[in-house]
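J.: Right, I'll just put the structure down here and ask away after.
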Amino acid sequence: MDKVILIKYGELTTKKGNRNFFVQTLYENVKNKLKNFDIKIKKDRDRMYIQFADRDLEQIKNIIDKIFGIHMYHIATIVETNIEELKKEILSVVSDFSFSTFKVETKRSDKTFPLKSLEISRILGGVILKKLDSVSVDVHHPELLIQVEIREKHSYIYCNRYFGSGGYPVGTQPRSLLMLSGGIDSPVAGYLAMKRGVQLDAVYFEAIPHTSLEARNKVITLTKKLAVYTDHIYLHIVNFTPIQEEIYKNCKPEYCITIMRRMMYRIMERLAERNHAYAIINGESIGQVASQTLVSMNVINEVTSIPVIRPVSCLDKLEIIDLAKKIDTYETSILPYEDCCTVFVPKHPVIHPKLSIAKKEEEKFNFDSMIDTAIEETLHMTITDEVLDEFSKLL
């Protein structure tokens, strides 16, 4: 029996005029992620079909579990579209399962097929009852649901289902920049943004020697874990040390975090322009720390005109931790290596900063030239889920 992985799109089916674009993007993503396997992929507006070698099935399943745009998939048996072949193959399919009750559910996409869906289900259910006298039909709560899809040339029978990651295929939205700090929240924010189809670059602000190479390597590892959900992620590493030292030397201690974030947003906007990115994404959660109150966000956002997206803004910490564990970033995020956002935290950061005071504090040093230097000296890496390109050049 020939088998295929039958992919159902889910949310993609809500698209109308641009549905083909979404399906084609998913097709390209699947093709790229499975490029090392002996496969054939076919697609239409409703389904995608992957022919595979049996030896590769578990590896392929592990990969497509993490491809956004896939709602559900099945390992389906291919059958010629005629009732005799269906009757013969359905017995082979169910022989792999142990069950006492069952239901046959048929979807007839090919309306030229002479039998209607209910008739097909009754005929195939009768074949099973005749062959297996110890089983019975239960249309409400069957132990085994046997699904049959009738199509023009080939039909499909399957009794299993696997849930994908849902969302939209990465690349259906333009590039955006993720502020990746190394903590728990920002990798989750990146994951959720990719789930909406966003192509990510990541930006890490480091302050060596106040932060360590271990902290940088931690962020590189987190980027690699996020790259599992896409083709690659460009990681931009910004030397923030001179700017941060100048802030803490010249500005009021309680305003240092506010000024620091404003400087980061200025750099993010410039990097967005250089990398053709349309938004800034970060892991801020409303009220979690002083810089994440709504007043603080308003003052900090004042320096940029591009959208700032906060995917975890309305989640509590436990919800964020659950997602971090799901995507396998939590254990890396809690490694005890401080980033520049935590290493210089003042005892009493301002919770409700005033924009006028923030601007006055910034006048105490010439940050424009320092931002120019930080951008020009930014290190760039290309990270995939397989290889950390140019890793050695940074150490």
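J.: Compute the length gained on full extension between residue 2 and residue 348: take 0.36 nm times their separation in residues and subtract their Cα-Cα distance, giving the result in nm to one decimal.
T.: Working: separation 346, 0.36 × 346 = 124.56 nm, distance 6.65 nm.
Taking 0.36 nm per residue and subtracting the Cα distance, the gain is 117.9 nm.
J.: With viscosity set to 0.890 mPa s at 25 °C, what whole-number translational diffusion coefficient in µm²/s follows for the stretch 8-65 from Stokes-Einstein and a Kirkwood radius over Cα pairs? Please list the in-between numbers first.
T.: Details: Rh = 12.1 Å.
The diffusion coefficient I find is 202 µm²/s.
J.: Another one. What residues qualify as long-range amide H neighbours of residue 168, i.e. H under 5 Å apart, gap of 5 or more or another chain, H built at 1.01 Å from N?
T.: Long-range HN contacts for residue 168: 69, 196, 197.
J.: Of the candidates 130, 359, 225, which one comes out as most mobile in a Gaussian network treatment of the chain with C-alpha springs shorter than 10 Å?
T.: Greatest mean-square fluctuation among the candidates belongs to 130.
J.: With the contact rule set at Cα under 8 Å and sequence spacing of 6 or more, what percent relative contact order holds for the stretch 171-394? Display every interim value, and only then the final one.
T.: Details: 392 pairs, mean separation 73.7, N = 224.
Result for the stretch 171-394 is 33 percent.
J.: Report the calculated FRET efficiency for residue 115 and residue 145 (r = Cβ-Cβ distance, R0 = 22 Å), to the nearest 0.05.
T.: Values: r = 20 Å, r/R0 = 0.91.
It comes out at approximately 0.65.
J.: Note down the net charge around residue 346, summing +1 for each Lys or Arg and -1 for each Asp or Glu among other residues with Cβ under 11 Å from its Cβ. Intermediate results must be reported in sequence, preceding the final value.
T.: Numbers: positive: 252, 347; negative: 254.
That works out to +1.
J.: Across the stretch 1-158, how large is the tail of the calculated P(r) beyond 18 Å, expressed as a percent of all Cα pairs? Intermediate values should be presented prior to the final figure.
T.: Numbers: 7612 of 12403 pairs.
Tail of the P(r) past 18 Å holds 61 percent of the pairs.
J.: Choose one of 308, 187, 292: the residue whose Cα lies farthest towards the positive end of the charge dipole of the chain (beta-carbon charges +1 Lys, Arg; -1 Asp, Glu; about the Cα centre).
T.: The residue sitting farthest along the positive end of the dipole is 308.
J.: So what's the angle, to the nearest 10 degrees on a 0 to 90 scale, between helix 317-326 and the longest Cα principal axis of the chain?
T.: That helix lies at roughly 50 degrees to the long axis.
J.: Net charge near residue 298, counting Lys/Arg +1 and Asp/Glu -1 over other residues with Cβ under 15 Å of its Cβ?
T.: My count for the surroundings of residue 298 gives +3.
J.: So, one more: If I take R0 = 30 Å and measure r between the Cβ atoms of residue 134 and residue 53 in this structure, what FRET efficiency does the formula 1/(1 + (r/R0)^6) give, to the nearest 0.05?
T.: Working: r = 35 Å, r/R0 = 1.16.
According to the calculation, E is roughly 0.30.
J.: Let me ask something additional. Please give the charge dipole size of the chain, origin at the Cα centre, charges +1 on K and R Cβ atoms and -1 on D and E Cβ atoms. Round to the nearest 20 debye.
T.: Numbers: 53 positive and 53 negative charges, 248 e Å.
For this selection, approximately 1200 debye.
J.: Calculate one ³J(HN,Hα) per residue across the stretch 72-81 by plugging θ = phi - 60° into the Karplus curve 6.51 cos²θ - 1.76 cosθ + 1.60, and present them in order as whole Hz with x for glycine and proline.
T.: 7, 9, 9, 8, 10, 8, 8, 9, 4, 7
J.: Next question, about the same structure. Would you list 121, 136 from fewest to most Cβ contacts within 10 Å?
T.: Working: 121 22, 136 12.
In increasing order of surrounding Cβ atoms, one gets 136, 121.
J.: What does the charge count around residue 105 come to, taking other residues whose C-beta lies under 15 Å from its C-beta (Lys +1, Arg +1, Asp -1, Glu -1)?
T.: Numbers: positive: 8, 103, 107, 108, 116, 122, 161; negative: 119, 138, 143, 149.
Net charge in that neighbourhood comes out at +3.
J.: Counting other beta carbons within 10 Å of each residue's own, what order do 65, 54 fall into, fewest first?
T.: Values: 65 14, 54 7.
Lowest to highest Cβ neighbour count: 54, 65.
J.: Sticking with this one: Looking at 124, 379, 268, which one has the Cα that reaches farthest to the positive end of the dipole of the chain (charges on Cβ: Lys, Arg +1; Asp, Glu -1)?
T.: Comparing the listed Cα positions along the dipole, 124 ranks first.
J.: Relative to the present Cα-Cα distance, how much length would full extension add between residue 359 and residue 317 at 0.36 nm per residue of separation?
T.: Details: separation 42, 0.36 × 42 = 15.12 nm, distance 3.16 nm.
Difference between extended and current length: 12.0 nm.
J.: A 30 angstrom limit on the alpha carbon distance is what I want to check against. Which of 218/317; 8/111; 218/364; 326/359; 16/40 exceed it? Don't jump to the answer; show the numbers that get you there.
T.: Numbers: 218/317 21 Å; 8/111 20 Å; 218/364 34 Å; 326/359 41 Å; 16/40 27 Å.
As for pairs spanning more than 30 Å Cα to Cα, those are 218/364; 326/359.
J.: Cα to Cα, under 14 Å, and not fewer than 8 places away if on the same chain: which aspartates and glutamates meet these conditions relative to residue 325?
T.: Leaving aside aspartates and glutamates fewer than 8 places away in the same chain, those within reach of residue 325 are 185.
J.: Please give the length that would be gained between residue 35 and residue 122 if that part of the chain were fully extended, namely 0.36 nm times their separation in residues minus their C-alpha to C-alpha distance (nm, one decimal). Working shown, then result.
T.: On the way: separation 87, 0.36 × 87 = 31.32 nm, distance 4.13 nm.
Between residue 35 and residue 122, full extension yields 27.2 nm more.
Values in this text are rule-based calculations from the coordinates and carry no lab data. As the structure is a prediction and not an experimental result, all values here were calculated from the model. When we count neighbours, we look across all protein chains shown, and the Cβ atoms used for this are built from the backbone with ideal geometry, even at glycine.
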